[in-house]
Amino acid sequence: MDTSQLLKLLDGSAQLEVDGQNMNLPVVKASRGPDGVFVSELHNDKYIMLDPGFFTTAQCESKITFIDGENSVLTYRGYPIEQLAQHSTFLEVAYLLLYGRLPSQDEFSNFKDEINHLTLVGEDFRSYLGTFPQNLRTMPTLSASICALENFTQKTSDIKDPKQVDLATKIIMAKVRTITSFIHRRRLNEPLLYPDYSRGYIDDFLRMCFAVPYERFDSNPLFVEALDKLLILQADHEQNCSTSVVRIVGSANASLYASVAAGVNALSGPLHGGANEAALLQLERIRQYVVEKNGTVRDFIENAKKDGKKLSGFGHRVYKSHDPRATIAKSYAKRIFESGTGSLDLFNIALELEDIATNDDYFKERRLYPNIDFWTGLIYHAIGFDSTMFTTIFALGRIPGWIANWREMHENPMSKIGRPRQIYTGETERDYIPIGER
Ligand code: CMC
């Protein structure tokens with residue numbers, strides 16, 4: 001396309017010139033961040049926009065989350081992440097994402113009650129969960145369980161009925177917490193515990209994961225606070241891989257359950273949510289390298305660069321400066337390790353790795369900083385979770401964001417089924433040759 005150029009015009013539209021031909025394209029004004037050039041009108045097959053990895057392609061307009069990656073800004077519904085992490089709770093942030101505003105006392109108390117009383121899973125569903133082997137893979141189990149939930153709930157699948165959508169929203173948020181605790185216990189061959197309605201969302205999640213049946217369990221308040229904040233940090237992140245998948249699946253009018261399960265599958269990848277597990281395993285590998293081979297953290301980084309390997313927990317498509325979520329997560333990691341819990345040696349390796357990488361020319365030139373996943377795994381590990389559980393907890397946090405995006409898409413009358421195009425570069429037409437003649 002070297003004969004093309006995009007010109008912005010003063011009247012608020014853009015002009016695309018290709019091979020001497022001019023096309024006027026409407027511009028969609030953003031309230032913050034770059035404006036959008038509306039290119040759907042090019043769909044007459046004369047030209048198709050090609051943007052692998054969607055570096056500059058927006059799939060929607062959204063009022064939910066804003067990121068300014070150059071200046072480390074993240075807001076949910078206009079509220080800075082720093083303020084939400086300091087003053088709010090995960091359930092209040094979930095309400096904010098889903099309904100677009102902070103709740104009143106009564107609204108919030110009703111919302112919490114509804115979620116609380118939906119946390120129990122029925123006996124049939126418990127039997128279904130029991131069919132997974134003890135050495136189950138955590139993310140496929142979570143995804144399969146969310147799909148299966150739809151079979152165990154009545155009148156929550158009609159995506160055109162707002163009441164059913166709202167109930168399905170609360171069912172998924174409530175029961176995924178119970179399912180996640182089951183996944184943790186199943187791998188330990190321990191029984192699933194019933195929820196306790198008198199306890200808070202995070203406190204009871206930790207009890208369901210770690211309590212000995214019929215014994216009193218008091219959660220560490222710092223763990224409850226840290227996990228609550230991590231779920232806030234992970235609650236939404238505009239059009240990332242899993243959220244766009246949720247929108248695309250939902251755009252075919254698939255159910256909320258099917259769409260959220262698809263989001264879980266996308267999140268499982270090590271380039272996305274799976275990076276938290278990969279980052280912790282990387283710290284463990286460095287520890288082993290230091291202890292057994294007398295290596296240094298600097299050597300490890302140099303070797304990774306030499307072998308063209310990426311450091312897990314570094315870099316981000318949008319943040320070309322510090323990830324604001326990482327700053328908050330790191331402060332909780334610090335508090336937890338200073339309180340004497342967790343593997344201090346792993347935390348110290350993380351600090352050294354961060355220090356060396358952020359002062360290294362390779363990382364500086366590419367503007368690669370530790371992302372949120374660099375720190376969350378350390379915290380989950382300190383709380384007592386096995387690394388295979390990390391991404392399921394990320395998913396628990398991301399559910400309100402996925403559903404808020406799904407709902408926003410369905411509330412927008414302009415939404416269309418997601419159907420990307422391609423530029424065909426294969427063989428032109430040729431004749432079939434029978435197998436004996438090839
Ligand atoms: N370590 C070393 N080099 C890296 C890293 C890294 N972690 N990330 C990117 N680079 C290099 C990459 O090799 C490329 O170098 P060059 O220009 O010489 O070819 C350059 O930086 C640009 O990277 P990219 O892969 O083209 O960037 P991207 O926007 O396509 O990928 C990313 C973003 C997050 C997938 C990538 O940075 C990565 O793979 N990071 C490691 C995995 C990770 O931590 N993922 C969690 C992301 S945050 C949570 C979430 O969104 O799920």
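Place a +1 charge on the Cβ of each Lys and Arg in the chain and a -1 charge on the Cβ of each Asp and Glu, then give the dipole magnitude about the Cα centre in debye, rounded to the nearest 20.
With only Lys, Arg, Asp and Glu charged at Cβ, the dipole is about 420 debye.
Give me the one-decimal nm value for the distance between modelled label points at Val18 and Met49, 7 Å along each residue's Cα-to-Cβ direction.
Result: 1.2 nm between the two label points.
Per 0.36 nm of contour for each residue apart, how much would the distance between Asp106 and Glu190 grow if the chain were fully extended, relative to their Cα-Cα spacing? List each step's numbers first, then the result.
Details: separation 84, 0.36 × 84 = 30.24 nm, distance 3.76 nm.
Working it through step by step, the gained length comes to 26.5 nm.
For an R0 of 51 angstrom, estimate the FRET efficiency from the Cβ-Cβ distance between Ser31 and Val212 and round to the nearest 0.05.
0.50
Separation between the Asp161 and Glu82 pseudo-spin-labels, each 7 Å from Cα along Cα→Cβ, expressed in nm?
4.6 nm
Check the straight Cα-Cα distances from Lys46 and name the lysines below 22 Å, setting aside those fewer than 8 residues away within the same chain.
Here the lysines satisfying the reach criterion relative to Lys46 are Lys8, Lys416.
Name the residues whose placed amide hydrogens come within less than 5 Å of the amide hydrogen of Gly418, ignoring near sequence neighbours (fewer than 5 apart) on the same chain.
Result for Gly418 returns Ser251, Ala252.
Please work out how much length the chain gains when fully extended from Arg430 to Glu284, using 0.36 nm per residue of separation minus the C-alpha to C-alpha distance, in nm with one decimal.
47.1 nm
Roughly what angle does helix 162-187 make with the longest principal axis of the chain, taking Cα atoms, 0 to 90 degrees, to the nearest 10?
60 degrees
Expressed as a rounded percentage, what relative contact order does the chain have, with Cα pairs under 8 Å and six or more residues apart? The partial results should precede the final answer.
Details: 573 pairs, mean separation 82.0, N = 438.
19 percent.
So what's the chain giving for Cα Rg divided by 2.2 N^0.38 Å, two decimals?
Working it through for the chain, the quotient is 1.07.
Taking the alpha-carbon distance from Lys306 and a cut-off under 18 Å, which aspartates and glutamates remain once sequence neighbours fewer than 8 residues away in the same chain are dropped?
Leaving aside aspartates and glutamates fewer than 8 places away in the same chain, those within reach of Lys306 are Asp360, Asp361, Glu365.
What is the pair-distance distribution P(r) of region 176-238, computed from all Cα-Cα distances in 10 Å bins starting at 0, with each bin given as a whole percent?
With 10 Å bins starting at 0, P(r) equals 21, 50, 25, 4, 0.
May I ask you to give the solvent-accessible area per residue for the chain, in square angstrom, as obtained with a 1.4 angstrom probe?
In whole numbers, the chain has 52 Å² accessible per residue.
Please report, in Å, the Rg and the Dmax of region 25-130, where both are computed over Cα atoms only.
20.4, 57
Given a cut-off of under 8 Å on Cα pairs at least six residues apart, what relative contact order in percent is computed for region 86-166? Don't skip to the answer; put the middle values down first.
On the way: 27 pairs, mean separation 11.4, N = 81.
Taking the mean separation of contacting Cα pairs over the length of region 86-166, I get 14 percent.
Under the Karplus relation 6.51 cos²θ - 1.76 cosθ + 1.60, θ = phi - 60°, what is the ordered set of whole-Hz ³J(HN,Hα) values for region 194-211, x standing for Gly and Pro?
6, x, 10, 5, 7, 9, x, 4, 7, 4, 6, 4, 5, 4, 5, 7, 10, 6
How much accessible area does Asp345 have with a 1.4 Å probe, in Å² rounded to the nearest 10?
70 Å²
To the nearest 0.05, what FRET efficiency results for Leu42 and Arg438 with a Förster distance of 56 Å applied to their C-beta separation?
Efficiency, rounded to the nearest 0.05: 0.90.
Calculate for the chain the 222 nm mean residue ellipticity that helices alone would give, adding -39,500 (n - 2.57) per DSSP H run of length 4 or more and normalising by residue count, nearest 500 deg cm²/dmol.
-15500 deg cm²/dmol
Roll a 1.4 angstrom probe over the protein heavy atoms and tell me the percent of accessible area of the chain that is carbon or sulfur.
So the carbon and sulfur contribution to the accessible surface is 51 percent.
Roughly what angle does helix 324-338 make with the longest principal axis of the chain, taking Cα atoms, 0 to 90 degrees, to the nearest 10?
That works out to roughly 20 degrees.
Would you mind putting 361-369, 427-435, 260-268, 380-388 in packing order, based on average other-beta-carbon counts within 10 Å, highest first?
The peptides rank, most packed first, as 260-268, 380-388, 361-369, 427-435.
At a Cα cut-off below 20 Å, give the aspartates and glutamates reachable from Lys229, other chains included and same-chain residues fewer than 8 away excluded.
Correct list for Lys229: Glu82, Glu92, Asp203, Asp204, Asp218, Glu238, Glu277, Asp323, Glu338, Asp373, Asp386.
For region 235-356, compute Rh as the Kirkwood radius over C-alpha pairs and then the Stokes-Einstein diffusion coefficient at 10 °C and 1.306 mPa s; write the answer in µm²/s, rounded to an integer.
96 µm²/s
Could you list the chymotrypsin sites (Phe, Trp or Tyr not before Pro) in region 7-95 that lie in coil according to DSSP, counting only those with at most 10 other Cβ atoms within 10 Å of their Cβ?
Counting only loop positions with at most 10 other Cβ atoms within 10 Å, the chymotrypsin sites (Phe, Trp or Tyr not before Pro) in region 7-95 are Phe55.
For region 85-93, just list the computed ³J(HN,Hα) in residue order, Karplus coefficients 6.51, -1.76 and 1.60, θ = phi - 60°, integers in Hz, with x standing in for Gly and Pro.
5, 7, 10, 9, 10, 4, 5, 5, 5
Return the subset of Lys160/Lys320; Lys112/Lys334; Lys63/Lys320 for which the Cα-Cα distance in this structure is over 28 Å, preserving the input order.
Lys160/Lys320; Lys112/Lys334
Would you please state which residues of region 363-379 a label at Lys320 would reach in this model, taking the label point 7 Å out along Cα→Cβ and a backbone N cut-off of under 17 Å?
Under 17 Å, as judged by backbone N against the label point of Lys320, lie 363-370 of region 363-379.
Taking θ = phi - 60°, what integer Hz values does the Karplus form 6.51 cos²θ - 1.76 cosθ + 1.60 yield along region 152-159, in sequence order, with x for Gly and Pro?
9, 10, 9, 6, 9, 9, 7, 6
Full-extension gain between Asn348 and Arg335, please, as 0.36 nm times their residue separation minus the C-alpha to C-alpha distance.
Numbers: separation 13, 0.36 × 13 = 4.68 nm, distance 1.32 nm.
Between Asn348 and Arg335, full extension yields an extra 3.4 nm.
The values are calculated or read from the model by the stated rules, or taken from the named source; none is laboratory data. Predicted model, so just to flag it, every value in this text is computed and none were measured. Quick reminder, even Gly has a Cβ in these numbers, built from the backbone with ideal geometry, and neighbours come from all protein chains shown. When the accessible area is computed, the model is the full protein with side chains, heavy atoms only, and any ligands, DNA or RNA have been set aside. Shrake-Rupley method; radii C 1.70, N 1.55, O 1.52, S 1.80 Å.
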